[in-house]
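Just so it is clear, none of the values below were taken in a lab; they were calculated from the coordinates. In this text, all values refer to a predicted model and were calculated from it rather than measured experimentally. Using ideal geometry, Cβ is built from the backbone for each residue, glycine included, and neighbour counts are taken over all protein chains shown.
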Amino acid sequence: MQIIKGAGEWAQPAAGAANDWVEQLKVPNLSVGTYCIPAGGADTQSPHTEDEIYVVTSGRARMVAASGEAEVGPGAVIFVPAGEEHRFVDITEDLTLLVVFGPAYGSRADSGD
């Protein structure tokens, strides 16, 4: 067993950064991290090569993906399949997301990267 400290907790992005991503756990079949975007901020991510689950721990925004869009807030759980274009927009409150990747983040990336 392992307690994952800091997972899902707000962290102010560094000065000049649009957002903050911290990976707190990585094993071959999954990884866990926290993604924070301040109110009014920009989500600059690209599609991932792994399946992804977001759990909104605080804040409000709209999730826009190739398969649809929805308003999200605390407690929302969102599944995004590998390769699907997606991003958070209209971030009205500092947004904190617990993120789970399966398999681990970056593990399916092309070896040429």
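Summary table below
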read-out	value
Chain lengthening between residue 79 and residue 18 when straightened (0.36 nm per residue, less Cα-Cα)	19.7 nm
As computed over the chain, the Cα convex hull volume per residue (Å³)	103 Å³
For the stretch 25-38, 3J(HN,Hα) per residue [Karplus equation, 6.51 cos²θ - 1.76 cosθ + 1.60, θ = phi - 60°, Hz, x = Gly/Pro]	8, 9, 10, x, 9, 6, 9, 10, x, 10, 10, 10, 10, x
Excluding exposed DSSP-loop trypsin sites (Lys or Arg not before Pro) (at most 14 other C-beta within 10 Å), longest clean stretch of the chain	6-107
Full-extension gain in nm, residue 11 to residue 70, via 0.36 nm per residue minus C-alpha separation	18.8 nm
Cα-centred dipole magnitude for the stretch 1-101, charges only on beta-carbon of K, R (+1) and D, E (-1), debye, nearest 20	240 debye
